[in-house]
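We did not get these values from a lab; they are worked out from the coordinates using the rules stated. Everything numeric here is computed off the predicted structure, so don't read it as measured data. Neighbour counts are summed over all protein chains in view; Cβ atoms, including those assigned to glycine, are modelled from backbone coordinates with ideal geometry.
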There are 2 protein chains.
Amino acid sequence: MTVLKNKLRSCRKERGDTQASFAEELGVSRQTINAIENEKYNPSLELAIKISRLVGEPVQEIFYLPKEG
Amino acid sequence: MTVLKNKLRSCRKERGDTQASFAEELGVSRQTINAIENEKYNPSLELAIKISRLVGEPVQEIFYLPKEG
DNA sequence: AAAAAATGTAAAACAGTCTTGACATTTCCG
DNA sequence: CGGAAATGTCAAGACTGTTTTACATTTTTT
């Protein structure tokens, strides 16, 4: 397993969301958003796609393998 | 949990791969590819991104929520 | 400086992802 | 037809993702 890099925190802040409000829009817990922002683990594919849709960026631009840019 | 729809089988066949050869290129087991093609469960985000990179299509075009096209 | 809001963190429980090994069925081709 | 290759499927086990509850720390606001 590899924990992916992500730019979730900046995507969320651009929306003016807190972790709690962002989590609520996605239907997940605040702790889940916190853990993903801090790269404790990867989201499920389903959650990643919901995040992508919410912030309007392709999945691969939000989450990427450490070796890639 | 929602099992996503996907067009993995056609993506794989376009490459002329068998489930076994496709799995090997991705570093996972043949059973994993079989289960995903048959929508038994979703791949991890990491695997979805590797698949996307291998077949050259964005994640969201390979895997999508049932309600979406 | 004090109160309130936001973020970090941890444990337990449960659901989901992936592996290996094994065997059955289907498809492809001499 | 007969054999080989490809696909389907199952079970057990290891590890990953998410929830809830609870509390500590940091940041923002008054």
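Can you give the convex hull volume of the alpha carbon atoms of the range B:5-64 per residue, in Å³?
Each residue corresponds to 69 Å³ of Cα convex hull volume.
Only Cα pairs under 8 Å and at least 6 apart count here; give the relative contact order of chain A as a rounded whole percent.
Once normalised by length, the contact order is 45 percent.
Give me the distance between the Cα centres of the range A:29-69 and the range B:1-66, rounded to whole Å.
19 Å
For label points placed 7 Å from Cα toward Cβ, what is the shortest-first list of nm distances from B:E57 to its copies?
Going from nearest to farthest copy, the values are 2.4 nm.
Count neighbours as other Cβ atoms within 10 Å of each site's Cβ, and list the GluC sites (Glu not before Pro) in chain A that are DSSP loop with at most 12 such neighbours.
Filter output for chain A: A:E68.
Say R0 is 35 Å: what FRET efficiency, to the nearest 0.05, do A:K40 and B:R15 get from their beta-carbon distance?
0.55
So what's the net charge close to B:V55: Lys and Arg +1, Asp and Glu -1, counting the other residues with Cβ under 9 Å from its Cβ?
Around B:V55, the charge tally is +1.
Can you list which of the chymotrypsin sites (Phe, Trp or Tyr not before Pro) found in the range A:1-68 are DSSP loop residues with at most 16 other C-beta atoms within 10 Å?
Within the range A:1-68, the qualifying chymotrypsin sites (Phe, Trp or Tyr not before Pro) (loop, at most 16 other Cβ atoms within 10 Å) are A:Y41.
Taking the Cα centre of chain B as origin and charging only Cβ (+1 Lys, Arg; -1 Asp, Glu), how large is the dipole, in debye to the nearest 20? Before the final figure, lay out the partial values.
Values: 11 positive and 10 negative charges, 29 e Å.
So the dipole magnitude of chain B works out to roughly 140 debye.
How big is the protein assembly as shown along each principal axis, measuring the range of its Cα positions in Å and listing the largest first?
46, 34, 21
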